[in-house]
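Q: Take this structure first; my questions come after.
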Amino acid sequence: MLALFSLAGATTAQAADQLSSETVYESADKSITVLGGIGYTWLRSNELVYDDNANRISQLIWKTQAPVATLGAKAVFADVWTASANAVIGFSGRSDMKDYDWTGRWLSGWGDDDWTHRSIHPDTNLDRYINLDVALGRNFAVNGTITVNLHGGFKYTNVKWTAYGGSHIYSKKGYRDDIDTFPDGERGITFEQRYPTLFIGAEATTLVDDWTLSGLLRGGFTVNASDTDHHWIRKLRFEDEYGTVPFVSVGGSASYQWNERTSLFLAGNFDKYFRTSGDTTEYEKGVLNAKYKDGAGMDFVSATVSVGAKISF
């Protein structure tokens, strides 16, 4: 009987040691995940100018398709708290810009097809695209396979283009009577948008065999969003400042557990900054020229898909 109790005690101690070892391993192991990937993004921005009666007198439409690199990291601490950071960086790609104006004696209306001046710039370069975010959150277990992470954080989006050359149709002596081209390679317009953003969000994650599926929803608003518009030929620079620009983001991903520490993922994300008007300060040859209340407008959308790998340790 004594031998039996001794064996039971030894077995219990061994099980306790094993359980303790596994618990330490699970809490310390895989608490940090880093990811890297490549992908493709579609960008579109509207740049607008309004007159004193809030009529649209100019609209520039900037578009880009470009490859991107995606980087990220996430840490889990105290079992339920999370900290994450992500970056999307764009590279060159294909861009174009179209510039429409509604102005002058030949103006007949404010509709999309009533423009009096138009220029097209297929030689447009994406000078910069960065999309960064950091967040702090908490995991809530719904059941054994579903977890919801509630979080909040800061996001910064910066996009910049320069348009060169191109062709134009102007209304000078008649309606759309002046048709000509700009010299190839001549720098025309540079446009940069900056969106510092505060957001809250929720991400639901579920496990299905070797797959991890997740969906993400975020919403928020900008703090001191701004843009800069350089018209190089006319030597004009416009600095536009905006109040709170509403923001929403929707994303999803599917990850396959390749081995104990590595998984492969496919992800997609859509960001939208809604159209908002702001105040404009105009500079001519670097000298303050004029200020316009609610003289500018802008919006921005991006859609990105990416593939890559996650490593946990």
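The values are calculated or read from the model by the stated rules, or taken from the named source; none is laboratory data. Remember, predicted model here, so these are calculated numbers, not experimental data. Neighbour counts run over all protein chains shown; Cβ positions are idealised from the backbone, glycine included. With ligands, DNA and RNA removed, areas are computed over all heavy atoms of the protein, side chains included. Shrake-Rupley method; radii C 1.70, N 1.55, O 1.52, S 1.80 Å.
Q: Hey, any hits in segment 175-187 for a residue that's within 30 Å of S31 (Cβ to Cβ), part of a loop (DSSP other than H, G, I, E, B) and in contact (Cβ under 8 Å) with a residue 12 or more places away in the chain?
A: First, pick out the residues of segment 175-187 that are within 30 Å of S31 (Cβ to Cβ): none.
Among the residues of segment 175-187, not one is within 30 Å of S31 (Cβ to Cβ), part of a loop (DSSP other than H, G, I, E, B) and in contact (Cβ under 8 Å) with a residue 12 or more places away in the chain, which makes the answer no.
Q: Hey, can you tell me all the residues within segment 232-263 that are small (G, A, S), surrounded by fewer than 19 Cβ atoms within 10 Å (Cβ to Cβ) and under 19 Å from G37 (Cα atoms)?
A: Going residue by residue through segment 232-263, those that are small (G, A, S) are 243, 249, 251-255, 263.
Keeping just the survivors that are surrounded by fewer than 19 Cβ atoms within 10 Å (Cβ to Cβ) gives 243, 251-252, 254.
Once the filter is applied, which keeps residues that are small (G, A, S), surrounded by fewer than 19 Cβ atoms within 10 Å (Cβ to Cβ) and under 19 Å from G37 (Cα atoms), segment 232-263 yields G251, G252, A254.
Q: Here's something else I'd like to know. What tally of residues in segment 188-210 results from selecting those that are surrounded by fewer than 18 Cβ atoms within 10 Å (Cβ to Cβ), touching a residue at least 40 places away in the same chain (Cβ under 8 Å), more than 30 Å from D123 (Cβ to Cβ) and not hydrophobic (A, V, I, L, M, F, W, C)?
A: 3
Q: Conditions first: (1) within 13 Å of V148 (Cα to Cα); (2) of a type in the set (A, V, I, L, M, F, W, C); (3) in contact with a strand residue (DSSP E or B) (Cβ under 7 Å, 6 or more places away or on another chain). V223 passes all but one, so which condition is the exception?
A: (1)
Q: Also: Just wondering, is there one or more residues in segment 173-184 that are closer than 23 Å to D227 by Cα and in contact with a Phe, Trp or Tyr (Cβ under 9 Å, 6 or more places away or on another chain)?
A: Here is the first cut: in segment 173-184, the ones closer than 23 Å to D227 by Cα are none.
No - not one qualifying residue is present in segment 173-184.
Q: For segment 77-94, which positions are in a strand (DSSP E or B) and within 14 Å of I32 (Cα to Cα)?
A: F77, W81, T82, A83, S84, A85, N86
Q: Tally up the residues in segment 64-78 that are free of Cβ contacts under 8 Å to residues at least 60 places away in the same chain and open to solvent by 40 Å² or more (accessible area, probe 1.4 Å), please. Give the steps one after another, and end with the answer.
A: The first filter runs over segment 64-78 and keeps only residues free of Cβ contacts under 8 Å to residues at least 60 places away in the same chain, leaving 65, 67, 69, 71-75, 77-78.
When the remaining residues are screened for being open to solvent by 40 Å² or more (accessible area, probe 1.4 Å), the result is 65, 67, 71, 73-74, 77-78.
Qualifying residue count, segment 64-78: 7.
Q: Could you grab the pairs with beta carbons closer than 7 Å, sequence gap of 6+ or different chains, first residue in segment 129-154 and among the aliphatic types (A, V, I, L, M), second one not in a strand (DSSP E or B)?
A: If the second residue must be not in a strand (DSSP E or B), the pairs left are V148/V142.
Q: Kindly check whether there is at least one residue in segment 22-29 that is at pLDDT 50 or above, open to solvent by 40 Å² or more (accessible area, probe 1.4 Å) and not aromatic (F, W, Y). Show your work before the answer.
A: Initially, segment 22-29 is screened for residues at pLDDT 50 or above, giving 29.
Still in the running and open to solvent by 40 Å² or more (accessible area, probe 1.4 Å): none.
The answer is no; no qualifying residue exists.
Q: In segment 159-182, what residues are within 12 Å of D99 (Cα to Cα) and surrounded by fewer than 14 Cβ atoms within 10 Å (Cβ to Cβ)?
A: First, pick out the residues of segment 159-182 that are within 12 Å of D99 (Cα to Cα): 163, 166-170.
The answer is S167, and nothing else.
Q: Continuing with the same structure: For the condition out of contact with any Ser or Thr (no Cβ under 6 Å at 6 or more places or on another chain), modelled with pLDDT of 95 or more, crowded, with 16+ Cβ neighbours inside 10 Å and not basic (K, R), what is the one hit in S119, S95?
A: Values: S95 fails: out of contact with any Ser or Thr (no Cβ under 6 Å at 6 or more places or on another chain).
On inspection, the qualifying residue turns out to be S119.
Q: Name the residue that is nearest to the chain's Cα centre (by Cα), counting only residues in segment 101-115 that are buried (at least 18 other Cβ atoms within 10 Å of the Cβ) and in contact (Cβ under 8 Å) with a residue 24 or more places away in the chain.
A: The residue in question is D101.
Q: Given the condition over 23 Å from P67 (Cβ atoms) and open to solvent by 20 Å² or more (accessible area, probe 1.4 Å), answer yes or no: does some residue in segment 264-273 qualify? Working first, answer last.
A: Taking segment 264-273 as the starting set, the residues that turn out to be over 23 Å from P67 (Cβ atoms) are none.
Among the residues of segment 264-273, not one is over 23 Å from P67 (Cβ atoms) and open to solvent by 20 Å² or more (accessible area, probe 1.4 Å), which makes the answer no.
Q: Give me the pairs: first residue in segment 51-63 and part of a loop (DSSP other than H, G, I, E, B), second residue of a type in the set (A, V, I, L, M) and open to solvent by 20 Å² or more (accessible area, probe 1.4 Å), beta-carbon distance under 8 Å, and six or more apart or on different chains, which are they?
A: From segment 51-63, the pairs are D51/I57.
Q: Looking at (1) more than 20 Å from Y129 (Cβ to Cβ); (2) in a strand (DSSP E or B), which is the only condition R194 fails?
A: Condition not satisfied by R194: (1).
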